[in-house]
Amino acid sequence: MTWDDENQATDPYLEAALMAGLALAVRTRSSAGQGDIQALQKLELRALSEIDRLAKIQGAAEKIRRQLEGIESETEKARRAYARWWTTPSRRCWR
């Protein structure tokens, strides 16, 4: 995933990357306490987990979008077929 400054849906990726980078930078400082390092490691894991979850959500949304396009296409085909059937001369005798 990449961050797109024109797409707000990608903002969590940027935020997670910044948190992960900050956690890695702080991890190298010797003055950080063990509790601080563990807390940052947990934060890093949670951020990475959220990135994975967002990718899954985006994939599911794309799948739904494709399915919707298929439904719309089939609906349009059915509408056209019905319109042709309704206007055929042999159908007129039923009216």
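Computed FRET efficiency, Cβ-Cβ of L14 and T88, R0 41 Å: what is it to the nearest 0.05? Present the calculation step by step, with values, prior to reporting the outcome.
Values: r = 58 Å, r/R0 = 1.42.
So, using R0 = 41 Å, E works out to roughly 0.10.
Multiply the residue separation of N7 and R80 by 0.36 nm, subtract the distance between their alpha-carbon atoms, and state the gained length in nm to one decimal.
22.6 nm
Available extension along the chain between L48 and I71 is 4.8 nm, counting 0.36 nm per residue and deducting the alpha carbon span. Mind checking which lysines have their Cα closer than 27 Å to the Cα of K42? Skip sequence neighbours fewer than 8 apart in that chain. Partners found: K56.
How do 5-14, 39-48 rank on mean C-beta neighbours within 10 Å, highest first?
Details: 5-14: 11.9, 39-48: 14.6.
Going from most to least packed, we get 39-48, 5-14.
Laboratory data are not the source of any read-out in this text; all were calculated from the coordinates shown. Not measured: the values here are computed from a predicted model. Positions of Cβ are generated from backbone atoms using ideal geometry, with glycine treated the same way; all protein chains shown enter the neighbour counts.
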